[in-house]
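Asks: Below you will find the structure I want to go over with you.
Please treat every number below as a calculation from the coordinates, not as lab data. Keep in mind that what you see is a predicted model, and the values were worked out from it rather than measured. Using ideal geometry, Cβ is built from the backbone for each residue, glycine included, and neighbour counts are taken over all protein chains shown.
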Amino acid sequence: MNQIIETLLSHRSIRHFEDKPLTKEQIETIVTSAQAASTSSYVQAYSIIGVTDYEKKKTLAELSGKQKYVEKNGHFFVFCADLYRLETAGAMENTDVSTAIESTEKFMVALIDAALAAQNAAIAAESLGLGICYIGGIRNNLEEVCALLKTPERVIPLFGLAVGYPEKITDQRPRLPMKNVYHENEYQQNMAEFKEELQQYNVLVSSYYEKRTKGKRTDTWTGQMAGTLRSPSRMYMNEFIKNHGLDLK
């Protein structure tokens, strides 16, 4: 097993960071690693906003659901879907690109490009001995986040990435069995087997929580998912996207 695979397999989310900023060199390494990710048709439809201002980070922490590690970390990156740059490119070439930009396909490209870049950034950070935590909570209050970061129309903040020196390292949460995730040639649909595998995974997850909390929690994975999905969240998103220049077709 090589060092890259070891870095990938040792991943866990870090939520306690030392009060120590990243160096300029570390930030540049992480961002250039992000830019090296694959991008659909070379469009590079994303932007990254690095937040160093303490008051902005504090506000983002509040907007994200009072997540203190958004405020206290070595550096906070916000990854955005960015179709504004492509609109500018079209204008520079006297070409109307609005129909393509407002397509669901190009929006998906922007989301995928941003996610690929972010994962490169995460792996680069972890390879430097840093810890990371993705923050989807910035989508709780996107209007306020956009105003705070002064993003133009057709730019949508998607998620944050807190990076820093780990102060506390937790155990890894067990992932789904490979057979639940990897299908060969076609999607496997034997429901009896599928449910049995999930039941076995529930036992593993419950044991993890029981050990981690000394018996205070015994959550199962299916129980967590049912609880999470019982009440839909961020249902304003469709309208928000339309109001920010992406009335998807």
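Asks: If only one of LYS214, LYS195, LYS242, LYS249 is loosely packed, with under 13 Cβ neighbours inside 10 Å and in contact (Cβ under 8 Å) with a residue 60 or more places away in the chain, which one is it?
Replies: Answer to the selection: LYS249.
Asks: Find the residue count for segment 10-65, including only residues that are of a type outside the set (Val, Ile, Thr), closer than 14 Å to ALA122 by Cα and part of a helix (DSSP H, G or I).
Replies: Number of matching residues: 5.
Asks: A further question on this structure: Taking ILE101 as the residue in question, decide whether it is of a type outside the set (D, E, K, R) and closer than 21 Å to VAL31 by Cβ.
Replies: no
Asks: Here is a follow-up. Restricted to segment 142-157, and to residues that are surrounded by fewer than 19 Cβ atoms within 10 Å (Cβ to Cβ) and touching a helix residue (DSSP H, G or I) at 6+ places or on another chain (Cβ under 6 Å), which residue is farthest from ILE30 (Cα to Cα)?
Replies: Checking each candidate, the answer is GLU144.
Asks: Sticking with this structure for a sec: Between a residue in segment 100-116 that is of a type in the set (D, E, K, R) and any residue that is crowded, with 20+ Cβ neighbours inside 10 Å, which pairs come within a Cβ distance under 7 Å, given they are 6 or more apart or on different chains?
Replies: Taking only residues 6 or more apart or on different chains, the pairs are GLU102/LEU246; LYS106/LEU83; ASP113/ALA45; ASP113/TYR46.
Asks: Name every residue in segment 91-105 that is in contact with a helix residue (DSSP H, G or I) (Cβ under 8 Å, 6 or more places away or on another chain) and either assigned to a helix (DSSP H, G or I) or loosely packed, with under 13 Cβ neighbours inside 10 Å (or both), in order of residue number.
Replies: Listed by number, the residues that qualify are ASP96, SER98, ALA100, ILE101.
Asks: Limited to segment 158-192, what total is found for residues that are surrounded by fewer than 12 Cβ atoms within 10 Å (Cβ to Cβ), outside any loop (DSSP other than H, G, I, E, B) and more than 21 Å from the chain's Cα centre (by Cα)?
Replies: Residues meeting the conditions: 3.
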